[in-house]
Every structure is written in structure tokens, then in C-alpha cells.
Amino acid sequence: VSSWSDGLVDVADSGDLALRNPHDDSPPVSLPEVMNALTQRGISAPILLRVQPYLDRALDRLHTAFDSAFREVNYKGKYRGVFPIKVNQQSDVVERLTEVGRQYHFGLEVGSKPELLIALSQTMSPDALLICNGAKDAGFMHLAILSQKLGFNTIIVLESLHEFETVYRIATELDVRPTLGVRIKLTETVTGKWQASSGDRSVFGLSALDVVKLTARLEETGLMDCLVLQHTHLGSQVPNIMDVRRAATEACRFYVELTRLGAPLSYMDLGGGLGVDYTGERRPDENSVNYTVNEYCTNLVETVAYAMDDAGIEHPTIVTESGRFVVAQSAIFVFNILGATLYDNSEKPEVHEGDHHLLSDLLAVEGYIAGARLQEALNDAIYYRDEIRALFRRGQIDLQLLARAEQAFLYLLSRFKTAAKLEDSAGQIDEQLTGFVDYYHGNFSLFQSLPDVWAIDQLHPIMPLQRLNEEPTRSAVLTDITCDSDGKIDQFVLADGVSGALPVHELRKDEDYYIGVFFVGAYQETLGDLHNLFGDPNVVTISLDGEGGFDIEHEVEGDTIAQVLSFVEYDPQDCLATFRKTVEKAVKAGKVNAAERRTMMAAYKDSLAGSTYFGTDG
Ligand code: PLP
């Protein structure tokens, strides 16, 4: 916890994982207690929990880091951050960011027409920027240009030469001088999951050749004085600070040259990429970063300052489009465990007279599960088990014997797991035993709530929220409730590296067991899909009251079954009517009586109005 939590959560003496208030030293708020309190109010897991002070803190950290970098380097320009709406479009998030961001003149970045409409519905500081990236049609350009008349500082970032022709035509029709930016395709590449967003093969932006052509067109059309911003973006989650500096250096070269060609640039937009350390390993790899936000800002500011001083150009306003950093830490996804499939068994099966000798051979392995023979024992156990399975497939043994052999294998596995814990040199065995860990069945859909875990092997800190003062005696892979074998989490960040199993406690009857997935505020919600028709979970935004409690700021109930049916074009009322007819036919045929009819109709109606997930009664 201490390596990844960034001071936001901690283990309380009670054994609960607790939320710390980043703004003061008030008592931490127990997460299981938050979950119990929400359940009592009828809001049950799975829940996406937004912690408002964490959002505020990220925004504050970003601005404080730029402030101190400016002071360190004696930078004369300003910083104007914008939030890329695509990273989290939820109104609750965007509205909070614009509200808290007003003091920093924090703006918005849009990459599509719907996102533009969101931005135009917000009340930002009059000094905040509205950056328009992405592919833009004439309608987009029209609205973006007109918005300038309303006082928005809208900058249309040209992604291609073709876009210039569109903006030129519409601006001429409207008789407005558009404020323009240009997205440059840098040749420097970065490492990480979003490598393809960088370098000259990236899809977006203008190459050096196109930039020169654009300046010629700007001259010809008399719009050169409209080009005020230069944009570059390396891709999200840049792991290595060296890449940030190299790319910023190249961006500065373009800025200096464009200025030399007559563009009155005053904004240097360095895009997104500021990463989040999901594993806490502080390493330049796909799920971690080798820098802090302060280092990131200092590197950018220093690079820009030196390059501009060398060229004798005024320090520009630095813009970044940091999305992941601003929102990732602010949301926690919590689900309950519904049950477990345990991969061991403490009961030894009986051996009957006349049983195939392989069963006795298998059980005899118990005699040497220790020391130097541990590996040999595991190899033998697997061999005998597989041979017995082969006998069953060929019809040479019956189901009862197969069942006792499977039980014998599970019995041996419990012995292996105990032995591996005691042995010092059990590295290889540990790895093999990872293939026999338990399945803990979680009340969630991986595809709906953690799509990046499924799609790009994103690691998040994941852990039980309770009993943390008790040794976790079991190891598990977490499975979801979709009927899809991909619907499982089997990569976990532990203190000694990434593991294929999560240490968990034995489940207790009638006691909730919650798992928290941290840092899920960026990209997950809208990327999530309806696989198996599991809809949005409940979403609750809380603030911390400073006395160890919390307040609910906002609540959005999860999708009902009727809602998800309508998302795939069913009319829930039609479904109900058809079902009613089917039931009525069964009544007429004497297969169903009147009381059963009533129960059936009630069950269908209740389900339509209910959650897509398991209810509190499991
Ligand atoms: N700006 C642009 C143009 C992007 O494409 C992205 C995402 O890749 C971002 C900003 C946000 O990046 P990040 O979430 O890494 O801050």
C-alpha cells in the first residue's frame, strides 16, 4: 500500500483499508464502512466510488508543480492546463473540474463534436482555453468559430491541410478570424503502451512538409496572424522522463521555426502523457513511470525556457492536456465476492478394494512432498492425475473413481501449498502452483468496469478492503459474472512484483468480502461495454467530512435490466407483453395455475426494474 497509494489510502488498526483526506490530517475513513453505509441506504456493490477530494488534489498538484517549476527556472510565461474530456466525460467529473479549475483558469480539450457541446455547456474562467483537437467536419468548425463570439477562448487545432481549407471557408463565410493551432507530428518516439501515438508514423498531425505547406497557405489567405498555438502529443502514460524531454526539445525546434516563418505563436501545447504510477515501482515500464509530477513539469519548463532563450523568443504559455493524471486516482471500483471455487481439499478420499492402482500411486505422492523431492512430487501428482483422466476418457474407469482421483489431487494440492510456504527454495513450485489457485467470484463485469485490464493488460492496484490485520491464507484469481473465460483478473501488483494470484482471506459465511480496484478514474467508464448485458454499476461521489465520515455528493443508480434491453433495441414493455401472452397460454393449457402466473409476472417485472448485477441476497 505504501508504495502505490500516494498517501491516499492506508491500513487502519482495525484492518480496514481507509481513505485519507489529502487536505488535512483528519481521521481516515474506512472503506468497508463506506460500503456498509451505502448498502444500508440501498446502494449496493458493485459501486464506482468517486472521491472528490482526490480529484481536487490532482488538479492542485498539477498547478502547484508548474508554479514551482516556473519559479525554479525563472520562467516568464504562464501555464494553462486543459482537461481532455475523452479521459472521463461523466458530467459529475467534468463539472467538478471546471468548477474547481476556475481558480487555475483550467480549460477543456475536446476531440469530437459531442465533446465540444459538453465544453460549450460549461462555465469556465474567461481566461481558460477550449482546445479543439480531432477530426472536425464543417459543423464542428462552424460551432467552434462561433463560440469565439461568446467569449470562449476556442482554439481550432489543425490536424491536416484539408482541415485548414474547411476552416478557411467557414471563417470567410462567417466573417470571423479564427484562432488556430497546428498539431505537429514529432519524429521522436516514446516507449509504453501508446508508442504508436508518437513518431512520424503516428496517425495525427502534420509532418514537416505539411507544416511548411500550411504556412504558405496561411500567408496566401492572410490568416498567418491567426496561428497562435502549436500542439504535440506523445501518447498517454509516457513511462520515461527522458522521452518527455527529448520530445519537448523537438517541439521547441518546430515552435522556433514556425515563429521564424512568421506565425505569431504564443501557446506551446505539449499534450497529454503525464503518467500515473499504477504499480508504485517508479520504473519506466508500461504500468509505472520513472518520474513525479514535479519532475515532469520541471523538465518541460526547463526545456522550453532554454530553447526560447537560445532563440531569443518570448516564453510561451505552456499548455498541457493531462487527463490520466488528473482523474485516474479519483475513482475506486469496489465489488463483493459472491463465492469461491477452492483448488484444494483437506479431505483425503478413500481407496476401495479393486480400485485402479493409479489412485494409490497418486495418494502415495503425499509421502514425499518436502525438501529436495518437492518438485518430483508435484510432477508425479500431475502425471498420475492425467493418466487417471485418460483412463476415464477411454472408458476404463467410472465416474465415481474419477471423482475420488480428482479429490485426491486436490488433497495433495493443499499439502503442496503448505509445503511451498515452508520451503525457502520454492520459487519454481510457487510459479507452478499459481496454476492451481482458487477462483474468487466477483460481482462485476470486467468488460463493463475494467476494460483496459481485459484489452491491454492494464495493471491496477487491487486488494481486499478488510481483515488486513489478518494473514491472507488463500491465493486467488478474481473471476467476474460474465459467461466469458476472459472475464477474470489474474495479474496483481504485490510488494515483490507482479503476481498471478491475489492473497485473500478465507470467506466467512454471511460476511461481505469487498475487493477494491484503485486508480480507475481515467478512460474506463465509457470504454466499458455491455458484454452479457451487464450495465453501468452504481456510481457514488463522496467527499470526506474531516471527522472520519463521508458525505454523498452525487449518486447515479446503475443501469436497470429494462435500460440495458433498450440499449440493444428491445422495448421492455413489448418483452413484458410477449412474456405475459406466453404465461397466459400456459395457464389456458393447465400447465400453470393463477398463483404461479402472478409470481411469474412479478418476477419478470421486478427483474426489468432491477440491477443487472447480483442483488444483496447474492
Ligand atoms: N491530448 C490528446 C490529443 C490525446 O490524444 C490524449 C490521450 O491520449 C490526451 C491529451 C490525454 O493524455 P493523458 O491521459 O495521458 O494525459
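The values are calculated or read from the model by the stated rules, or taken from the named source; none is laboratory data. Quick caveat: nothing in here was measured; it's all calculated off a predicted structure. Because the Cβ atoms are built from the backbone with ideal geometry, glycine has one as well, and the counts that use them run over all protein chains shown.
Overview of results
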quantity	calculated
Among (1) modelled with pLDDT under 95; (2) within 24 Å of A37 (Cβ to Cβ); (3) within 16 Å of the ligand (Cβ to nearest atom), the one test that T526 misses	(2)
All positions within segment 476-498 that are in a strand (DSSP E or B) and either under 19 Å from the mean Cα position of the chain (by Cα) or surrounded by fewer than 18 Cβ atoms within 10 Å (Cβ to Cβ) (or both)	V477, L478, T479, K488, I489, F492, V493, L494, G497, V498
Residue list for segment 167-200, filter: farther than 16 Å from R253 by Cα and among the charged types (D, E, K, R)	R169, E173, D175, R177, K193
Enumerated helices (runs of 4 or more DSSP H) restricted to segment 61-175, each holding at least 3 residues that are buried (at least 23 other Cβ atoms within 10 Å of the Cβ) and within 16 Å of the ligand (Cβ to nearest atom)	91-101
Flag if P27 is of a type outside the set (A, V, I, L, M), surrounded by fewer than 18 Cβ atoms within 10 Å (Cβ to Cβ) and in contact (Cβ under 8 Å) with a residue 24 or more places away in the chain	yes
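Residues checked against (1) more than 27 Å from the chain's Cα centre (by Cα); (2) within 14 Å of the ligand (Cβ to nearest atom); (3) more than 24 Å from F204 (Cβ to Cβ); (4) at pLDDT 95 or above:
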site: R246; (1), (2), (3), (4): yes, no, no, yes
site: V256; (1), (2), (3), (4): yes, no, no, yes
site: G273; (1), (2), (3), (4): no, yes, no, yes
site: A305; (1), (2), (3), (4): yes, no, yes, yes
site: I313; (1), (2), (3), (4): yes, no, yes, yes
